[in-house]
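A short worksheet on the structure shown next.
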Amino acid sequence: QVQLMESGGGWVQAGGSLRLSCAASGSRFTINAMGWYRQAPGKQRELVATITNAERTNYVGSVKGRFTISRDSAKNTVYLQMNSLKPEDTAVYYCVANAFSSTLLRRDDYWGQGTQVTVSS
């Protein structure tokens, strides 16, 4: 099993910045890709950004040029640097890790508990 612990959410004024972190822990697992999703009130959960273990990144169009995803593979940690934040970025942000468990002998997506990001105008 893989556990994900997120941190770094909070409140910020429009134009400000926040940095989210997500650390994976557990035993006998290998992480492939990691990423961030978000869910605003009354909306479906949407992909924000992903990064593979080859450092290949992908972003939803609305955050390109403002958000940067990165990872420290040695620490099994993924980061999301969010700059030029807008009120429409307000949401609960969820970390996700696609990992292979040597115990379960299968690959699954593991989710964090979510961290609130609120951007005021």
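Could you size up the charge dipole of the chain around its Cα centre, putting +1 on the beta carbon of Lys and Arg and -1 on that of Asp and Glu, and report it in debye to the nearest 20? Walk me through the numbers on the way to the answer.
Values: 13 positive and 8 negative charges, 28 e Å.
Value, rounded to 20: 140 debye.
Return the carbon/sulfur percentage of the accessible area of the chain, one whole number, probe 1.4 Å, all protein chains in place.
After summing per-atom areas, the C and S share lands at 47 percent.
Express in nm, to one decimal, how much length is gained between residue 55 and residue 121 on full extension, taking 0.36 nm for each residue of separation and deducting their alpha carbon distance.
Taking residue 55 through residue 121 to full extension adds about 20.4 nm, to one decimal.
Based on the Cβ-Cβ distance from residue 81 to residue 1, what FRET efficiency comes out when R0 is 30 Å, to the nearest 0.05? Please list the in-between numbers first.
Values: r = 28 Å, r/R0 = 0.95.
FRET efficiency, residue 81 to residue 1: 0.60.
Spin-label point model (7 Å from Cα, Cβ direction): what's the residue 102 to residue 14 distance in nm?
Label-label distance for residue 102 and residue 14, simple model: 5.1 nm.
Go ahead and set up a Gaussian network model of the chain, Cα springs under 10 Å, then flag whichever of 81, 13, 44 fluctuates most.
Of 81, 13, 44, the Gaussian network model singles out 44 as fluctuating most.
Which of these, 78, 60, 92, has the largest mean-square fluctuation under a Gaussian network model of the chain (Cα springs below 10 Å)?
Looking only at 78, 60, 92, the biggest GNM fluctuation is shown by 60.
Let me cross-check residue 75: its accessible surface, 1.4 Å probe, with only protein heavy atoms counted, in Å² to the nearest 10?
Accessible area of residue 75: about 130 Å².
Grab the other residues whose beta carbon is less than 10 angstrom from that of residue 119, score K and R as +1, D and E as -1, and report the net.
Every neighbour counted, the sum reads -1.
Given the protein chains as shown and a 1.4 Å probe, how many square angstrom of residue 67 are accessible, to the nearest 10?
10 Å²
The values are calculated or read from the model by the stated rules, or taken from the named source; none is laboratory data. All values reported here derive from a predicted model rather than from experimental measurement. Using ideal geometry, Cβ is built from the backbone for each residue, glycine included, and neighbour counts are taken over all protein chains shown. All accessible areas refer to the heavy atoms of the entire protein, side chains included, with ligands and DNA or RNA removed. Shrake-Rupley method; radii C 1.70, N 1.55, O 1.52, S 1.80 Å.
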